[in-house]
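Chemist: Mind looking over this structure? Questions follow.
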Amino acid sequence: MVKQMNNLEQFSIVSEMNEDKEYIENLELETDQGTKRMKEKFYEAAATERNNYVNEKLSSYRQIEEGLLHEMEERVPRLIQIGRAHV
């Protein structure tokens, strides 16, 4: 059974997404210190870390999306029937 979402949960999801976006945008991918090879290794490690974080969050958001779609599939037909009854 899919848990029904209230407005607070919807806002916390939006807030979480904004925090994640800010975190990703603020990740440092470059450094001024070290040799050219050290800078390349830093970039590779930073890019890998960023990509892993993004993929983890995308997976989490897909689960949320699937839950929302399931909830809509259950609610919309009932709401349409209720709306037709009042017309």
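The values are calculated or read from the model by the stated rules, or taken from the named source; none is laboratory data. Just so we're clear, the structure is a prediction, and the values are computed from it rather than from any experiment. A quick note on method: Cβ atoms are made from the backbone with ideal geometry, for glycine too, and the neighbour counts reach across all protein chains shown.
Chemist: When only residues in the stretch 1-26 that are outside any helix (DSSP H, G or I) and out of contact with any helix residue (DSSP H, G or I) (no Cβ under 9 Å at 6 or more places or on another chain) count, which is modelled with the highest pLDDT?
Modeler: Of everything passing the filter in the stretch 1-26, Asn26 is modelled with the highest pLDDT.
The rows are residues; the columns are (1) touching a Phe, Trp or Tyr at 6+ places or on another chain (Cβ under 9 Å); (2) surrounded by 10 or more Cβ atoms within 10 Å (Cβ to Cβ); (3) at pLDDT below 90.
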{"position": "Glu28", "(1), (2), (3)": "yes, no, no"}
{"position": "Met38", "(1), (2), (3)": "no, yes, no"}
{"position": "Ala47", "(1), (2), (3)": "no, yes, no"}
{"position": "Asn51", "(1), (2), (3)": "no, yes, no"}
{"position": "Asn55", "(1), (2), (3)": "no, yes, no"}
{"position": "Pro77", "(1), (2), (3)": "no, yes, yes"}
{"position": "Gly83", "(1), (2), (3)": "no, no, yes"}
